Structure formats: C-alpha cells, structure tokens
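What follows is a set of notes on a single structure, which appears directly below.
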Amino acid sequence: MSKSTSAARPAADARTVPSDRDLRPGIGGLGTDETAALVAALGEPAFRARQVADAAWRSTAADWDEVTTLALPLRAALAERVRFDTVAPTTLALSDDGTTEKALHVLSDGRLVESVLMHYPAGAGRRERNTLCISSQAGCAVGCPFCATGELGFERDLEVAEIVDQARLASRRLAAVGRHLTNIVFMGMGEPLLNLDAVLGAAAALTDPARFGMGARHLTISSSGVVPAIERLTRLRPQWTLAISLHAARDPLRDLLVPLNRRWPVGEVVAAARAYAEETGRRVSYEYVMIDGINDTLVDADAVVRLLRGSGAHVNCIPMNPVAHTPWRASSPDRITAFATRLAAGGIGVTVRRNRGQEVGAACGQLAAEQAGEPPAPTVARRRERLVAESTAALRGERSVSPAPAGLDPASRARPPGSR
Ligand code: SAH
Ligand code: SF4
C-alpha cells in the first residue's frame, strides 16, 4: 500500500536528474537569531519572527502558502528567500499493518533519501513510542556489503535543514492523527559521523526547546566507528545515545563487514565508545546484524563478550534484512537465540530485535537503491563471488588487503581520484 504526499513522484533514477541545487536555505536549518534577522530584513516587526517560527516548528502547514497566520505578501517574500520544506516531494509506503511508514524523499537536486517512522503501541508498563529513523547523507562512503546504502556509494552530505525536515514532516503527519514523535535515531542512509557538522546542527535544532524541542535523551546517533568524530562528540558531552554498528568483534571479519575497520580497528572504536560512556554517563548500545554462517557463531559471541565485558554496553541483535547483491541471508531464529544467550551468559545486556518494514525495504537505502535500478547481472555475480571469497578468507582469520574506503576525510572528497 502506498500513497504520495505530493502529486510529484520521485524521479525514476536519481543519477539522471539535474544536479542543480536550490540555494535557498531551509527554514528548518535556521537558528532563532537567523529567523529573527530574516524577518527584520524584510522590514517586519520583531513579533513576526515568533509567528514564522511557530509556523515552522509548531503548525501543521506543509508550505508557506498554508501559513494563514501571515499576510500573503510576507508569505511570498519568505518563499522567495527560504524553503519551507527541503525534503518534499515525498512518497510514503506502509507496512507491518500500517505501523511502519517508509518515506522516500526527493531533494532539490534529485537525490533520494529515506526516513522510516515506526509506531510501537503502549503496553506492559511502556508508553506508546513513535520513532523516526532519519538519513544524514545521500548514499554512504563506508560500503558495508550487507547494506543497500553502501551499495549506492557516496552521493553527498545532507544540509542541516534536509536532516531536520525529515523530522518536521513526520511530526506533521503524526500530529494529523493526534500522535507525536517520541524518538529520533540517525540510522537511515549515510554515516552521521562523516557529516558531523551538519548532524550537530540538526541535533541542536531538534533538541532546542524554541525549535523542534525533543529531549536530548530521545536522540540516538549510530556510527560504524569514525574514531576521531566519536572523540569530538565525547568532548561535547551530549546526552544523546551513541549506537555503534559492531557486526563483528574480530578484525578480519569486521574489515569485510564494516570496511571502516581497515582504518579504525574495532579495539579503537570500542575504546572511544567506552570513553564516551564514561564522560557522558550514557550507556552505549551496539548493533549486531546477524548473518547466517558469517558472524553468528558462538566463537563470535565469545569475542563480543571479551570486547565489551565490563563496559555496561548493550547489544541489539538484528536479523539481516535481505539485500540484493549479497550471497548472504539472515541467521535462523535458533542461531540468534543461541548467540544472544551466550552474550547474556557472558554478562552482556542483549536484546533480539525484529526488523521492521521488510516488505518496503526496512534497511534504509533499499528504496533508493531500487529506484537507481538493478546493476547488470554479471556485476552482481562478480560481487557475490568476491564476497564469498573475502568472507572465506576472513573466517580463516586473514585481515583484508583492500584499502579503507575512499572519501572518509571531507577534504579528500574534493580531490580527483588517484591524487592521494
Ligand atoms: N551508517 C550508520 C548509520 C546508518 S545504518 C551505521 O552504520 O551505524 C543503521 C543501521 O542499519 C546500522 O547498524 C546498519 O549496520 C544497519 N543495517 C544496514 N543494512 C542492514 C541490513 N541489510 N539488515 C539489517 N540491518 C542493516
Ligand atoms: Fe554506511 Fe551504515 Fe550502510 Fe555501513 S551500514 S554502508 S556505514 S549506512
């Protein structure tokens, strides 16, 4: 089942649409002072800034022309200078009996990004939760082989407003049915810590009581392990939850599953995460995608116990969502239970999660990957063969000989290939 919030459907192929970007900033990326300066520059009295902020952050308006609290000429002047929504048009697809809602957004240059809204009803002493999973980049440079976004490769960083507007849009949709957003997780497309400045700007907007106003403790940032960025985050001492995508505790296997490991090995990642927990007092959680016969043995579980023992960390085991182009599938429920039981016996807090929205591609990036089209069959076959060969070597304990992913340093992204 799907519906569209706009008449426009996403482009069939993000790579063939014009790459011109709309240079007007998004209102969702402006601070309170910047909004006030904008309103003053338009010759309006100061109290209008409050009305503009209310329209942006508190109303159900989806565009300037729906902001009826402002006079028409002012709406037109604002629309000329500032975009109300930087992630429209958006196509929605529902699954899990309507409790999971996947949004595919078209950015102004035609790039596609996804967000997923998950509804968890109240029960057993728990309040209702509405959690939004948001994207921080179009594509991703890290290239984890089981991830649909990794398959796309890096396209570009999102702007602050493009990140924040995913939450504003979901919040408006929820408000229409008398609900509100309770949690935001940076677990959509992209590696948030490789776009840290924009992610920090977005987190500031999302947790500012005068803007989005969500409690910092309801925000989770997930990272595949960019050590210098975790250290920078630690110095800021935020109250957000840090989630680390672990997926393997042994370097040879993690070199393959999370290629960032070739640059920052798992021991350094966990040391940085432990320091984050100590400085912030916030428990770090670890994500572990369960892949049949690859990272789900009891030897792997024991390696996780040795790595995380005494850190107070919590591990979430998630069955791998099927993604085209890999020879792998999810571990069986029995293997997942055996793995989780071993962690628990080793003193590690563990939860087995079910993946949501499988039929609409819950692993973020799957819808965008589908829109980008299937690579030719020989390419897929070669990729599968390579993964079988590399995982066999990794399971023998051999470290990867491939280089770390390119484009990890923002400065290096502008350099021509081969210039390093
Ligand atoms: N880049 C960040 C955040 C986005 S990915 C990171 O990797 O942490 C969010 C989570 O989805 C990660 O834990 C990632 O490993 C997981 N994921 C990606 N592809 C998946 C798949 N096919 N099945 C299950 N989880 C997947
Ligand atoms: Fe990037 Fe995260 Fe996907 Fe890895 S799992 S490719 S880091 S988005």
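The values are calculated or read from the model by the stated rules, or taken from the named source; none is laboratory data. All of these numbers come straight from a predicted model, not from anything done at the bench. As a convention, Cβ positions derive from the backbone with ideal geometry for all residues, glycine included, and neighbour counts pool all protein chains shown. To get the accessible areas, we keep the full protein, side chains included, count just its heavy atoms, and leave off ligands, DNA and RNA. Shrake-Rupley method; radii C 1.70, N 1.55, O 1.52, S 1.80 Å.
Among residues of segment 327-338 that are more than 16 Å from ligand 2 (Cβ to nearest atom), those with a Cβ under 9 angstrom from a residue that is of a type outside the set (V, I, T) and part of a helix (DSSP H, G or I), sequence gap 6+ or separate chain, pair up as P327/R383; P327/R384; P327/E385; P327/L387; P327/S391; S331/F339; A338/L298; A338/A301.
Screening the candidates G373, G310, G349 for the property of being among the small types (G, A, S), modelled with pLDDT of 95 or more and away from ligand 1 (no atom under 12 Å from the Cβ) yields one hit, G349.
Condition check ((1) within 16 Å of ligand 2 (Cβ to nearest atom); (2) free of Cβ contacts under 8 Å to residues at least 40 places away in the same chain) across all residues:
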position: V266; (1), (2): yes, no
position: A271; (1), (2): no, yes
position: R282; (1), (2): no, no
position: V299; (1), (2): no, yes
position: V323; (1), (2): yes, no
position: L343; (1), (2): no, no
position: G347; (1), (2): no, no
position: V350; (1), (2): no, yes
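Residues of segment 123-152 that are away from ligand 1 (no atom under 11 Å from the Cβ), under 21 Å from L107 (Cα atoms) and open to solvent by 20 Å² or more (accessible area, probe 1.4 Å): L152 alone.
When restricted to residues that are open to solvent by 10 Å² or more (accessible area, probe 1.4 Å) and assigned to a helix (DSSP H, G or I), segment 230-243 contains 5. Selection over segment 304-356 of residues that are open to solvent by less than 70 Å² (accessible area, probe 1.4 Å) and either on the phi > 0 side of the Ramachandran plot or of a type in the set (S, T, N, Q) (or both) gives a count of 11. Annotation note: Cβ proximity below 9 Å between a residue of segment 191-209 that is hydroxyl-bearing (S, T, Y) and a residue that is within 14 Å of ligand 1 (Cβ to nearest atom) (sequence gap 6+ or interchain) occurs for T207/L219; T207/W240.
Exactly one residue out of L219, L200, L193 is among the hydrophobic types (A, V, I, L, M, F, W, C), open to solvent by 20 Å² or more (accessible area, probe 1.4 Å) and touching a Leu at 6+ places or on another chain (Cβ under 8 Å): that is L200. Does R179 meet the test of being more than 14 Å from ligand 1 (Cβ to nearest atom), out of contact with any Gly (no Cβ under 9 Å at 6 or more places or on another chain), in a helix (DSSP H, G or I) and open to solvent by 10 Å² or more (accessible area, probe 1.4 Å)? Against the criterion (more than 14 Å from ligand 1 (Cβ to nearest atom), out of contact with any Gly (no Cβ under 9 Å at 6 or more places or on another chain), in a helix (DSSP H, G or I) and open to solvent by 10 Å² or more (accessible area, probe 1.4 Å)), R179 does not qualify. The residues of segment 319-338 that are of a type in the set (A, V, I, L, M, F, W, C), over 21 Å from G349 (Cα atoms) and out of contact with any Ser or Thr (no Cβ under 9 Å at 6 or more places or on another chain), listed by number, are V323, A324, A330. I'm trying to understand the selection: among the residues of segment 106-122, which are more than 16 Å from ligand 2 (Cβ to nearest atom) and open to solvent by less than 50 Å² (accessible area, probe 1.4 Å)? Once the filter is applied, which keeps residues that are more than 16 Å from ligand 2 (Cβ to nearest atom) and open to solvent by less than 50 Å² (accessible area, probe 1.4 Å), segment 106-122 yields V106, L107, S108, D109, G110, L117, M118, H119. If the condition is being of a type in the set (A, V, I, L, M) and in a loop (DSSP other than H, G, I, E, B), then segment 147-176 contributes only L158.
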